[in-house]
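K.L.:
Okay, handing you the structure first.
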Amino acid sequence: MDLVVNDHRDGIELVFSRFPAARDQVAAWYVRGVLVDAGGAHTARALEAWLEGRRLDALLLGHHHEDHSGGAGAIARHGLPVFGSRGTAARMRRPGRVPEYRARLWGQRTPLRVRPPVGLPLEPVALPGHSPDQIGYFDRESGWLYSGDLVLRRHQQIAMPDEDPWAMIDSIRRVLKLAPVALATSHRGLLAEPGTLLREQLDYLEHLAVEIAQLRRSGLNVDAIVRALFGGEQRLPGMRMTWREASGGEFSSRRWVSAFLKPPAPATKAQKDSNLPVPEVSGLFLRRGGDAR
Ligand SMILES: [Zn+2]
């Protein structure tokens with residue numbers, strides 16, 4: 001486990017915790033004395049060592065997943081305040097154990113007190129979708145949005161429990177309105193001028209929603225829709241095994257299609273999780289796009 005550090009600008013550094021077993025890297029962004037996310041538990045020690053001698057006033061969590069919050073316990077144990085959405089606070093108070101295959105990759109989480117994101121140098125923005133409790137942090141000084149897993153997968157074909165494409169659509173629209181200069185992402189580094197990418201992602205999700213609704217109306221069940229759209233369950237890169245098999249059913253295309261067949265959760269649900277205003281948008285889209293059920 002090691003860290004790769006990119007010095008960006010004006011006291012902003014990207015600390016990538018590398019997880020070779022997952023062929024993945026997860027960001028902790030150091031922004032003028034605050035840290036956004038903490039990587040997984042397996043790299044907590046390395047991150048702690050990197051932080052030694054640096055000013056650190058607060059840790060801000062984007063959402064509760066273990067690759068973002070697993071390192072938080074170690075970093076916060078000396079009394080550092082941790083901030084996050086209400087949903088993140090609820091999930092981190094007594095975090096359940098993640099399945100063994102995920103723990104092997106990133107490690108487990110430890111219980112943590114998470115405070116509401118008020119009085120911070122970065123502005124919290126509700127970004128539910130990838131996870132109901134996800135929030136981003138907007139830096140008015142740089143125009144960067146610390147966007148967590150808002151744009152995790154291009155042309156997403158699998159989902160894990162709790163992923164909500166309707167909330168994703170709303171969140172992307174909200175970010176397009178905010179018009180950040182760059183997205184400081186959790187797995188993809190810094191994405192400058194993200195408008196095109198966000199519009200492309202929005203377009204993909206909206207088209208997929210319409211296609212799934214049409215296939216459903218023509219009488220196909222979820223598995224048949226998965227075959228029609230993606231040629232079956234997605235395989236791990238370079239492997240014969242599908243995500244669904246490798247994750248014991250946790251990640252699957254089946255789940256992704258099913259998520260589109262659920263009606264959008266009311267904005268109040270996302271609002272409750274993030275404790276931030278979440279204007280409802282997808283209701284309008286649904287009426288335009290037809291009944292998705
Ligand atoms: Zn995540």
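The values are calculated or read from the model by the stated rules, or taken from the named source; none is laboratory data. Computed from a prediction, not measured in an experiment: that's the story for all the values here. When we count neighbours, we look across all protein chains shown, and the Cβ atoms used for this are built from the backbone with ideal geometry, even at glycine.
K.L.:
Quick one: which residue in Ala265, Ala213 is at pLDDT 75 or above, in a helix (DSSP H, G or I) and surrounded by 14 or more Cβ atoms within 10 Å (Cβ to Cβ)? Before you say what the answer is, go through the steps one by one.
P.N.:
On the way: Ala265 fails: in a helix (DSSP H, G or I).
Going through Ala265, Ala213 in turn, just one is at pLDDT 75 or above, in a helix (DSSP H, G or I) and surrounded by 14 or more Cβ atoms within 10 Å (Cβ to Cβ): Ala213.
K.L.:
I need the full set of residues from the stretch 42-64 which are among the small types (Gly, Ala, Ser) and buried (at least 24 other Cβ atoms within 10 Å of the Cβ), in order please. Explain how you work it out, then say what you get.
P.N.:
Keep residues of the stretch 42-64 that are among the small types (Gly, Ala, Ser), which gives 44, 46, 49, 53, 58, 62.
Correct list: Gly62 only.
K.L.:
Quick one: Arg109 ticks every box in (1) assigned to a helix (DSSP H, G or I); (2) touching a helix residue (DSSP H, G or I) at 6+ places or on another chain (Cβ under 6 Å) except a single one, so which number is it?
P.N.:
Arg109 satisfies every listed condition except (1).
K.L.:
Condition first: of a type in the set (Lys, Arg), in contact with an Asp or Glu (Cβ under 8 Å, 6 or more places away or on another chain) and part of a loop (DSSP other than H, G, I, E, B). Now tell me which residues in the stretch 1-46 satisfy that. I'd like the intermediate steps shown before the answer.
P.N.:
Step one: list which residues in the stretch 1-46 are of a type in the set (Lys, Arg), which gives 9, 18, 23, 32, 45.
Then keep just the ones that are in contact with an Asp or Glu (Cβ under 8 Å, 6 or more places away or on another chain); that gives 18, 32.
Scanning the stretch 1-46 gives a single hit, Arg32.
K.L.:
Among the residues of the stretch 145-157, write down those that are within 13 Å of the ligand (Cβ to nearest atom) and charged (D, E, K, R).
P.N.:
Filtering the stretch 145-157 down to residues within 13 Å of the ligand (Cβ to nearest atom) leaves 147-153, 156.
Listed by number, the residues that qualify are Asp149, Arg153.
K.L.:
Out of the residues in the stretch 90-137 that are touching a Lys or Arg at 6+ places or on another chain (Cβ under 7 Å) and charged (D, E, K, R), which is farthest from the ligand (Cβ to nearest atom)?
P.N.:
Per the stated criteria, the residue is Glu123.
K.L.:
Any residue in the stretch 224-245 that's within 15 Å of Ile212 (Cα to Cα): show its pairings with residues that are in a loop (DSSP other than H, G, I, E, B) and of a type outside the set (Val, Ile, Thr) at Cβ separation under 6 Å, as long as the two are six or more apart or on different chains.
P.N.:
Final answer for the pair search is Phe230/Gln157.
K.L.:
Quick check, is Ser142 modelled with pLDDT under 95, within 14 Å of the ligand (Cβ to nearest atom) and polar (S, T, N, Q)? Before the answer, list the steps.
P.N.:
Values: modelled with pLDDT under 95: yes; within 14 Å of the ligand (Cβ to nearest atom): no; polar (S, T, N, Q): yes.
The answer is no for Ser142.
K.L.:
Just need a number here: residues in the stretch 75-85 that are at pLDDT below 95 and either part of a helix (DSSP H, G or I) or buried (at least 24 other Cβ atoms within 10 Å of the Cβ) (or both).
P.N.:
Of the stretch 75-85, the ones at pLDDT below 95 are 75-79.
Next, only the ones that are either part of a helix (DSSP H, G or I) or buried (at least 24 other Cβ atoms within 10 Å of the Cβ) (or both) stay: 75-76.
Summing the residues that are at pLDDT below 95 and either part of a helix (DSSP H, G or I) or buried (at least 24 other Cβ atoms within 10 Å of the Cβ) (or both) in the stretch 75-85 gives 2.
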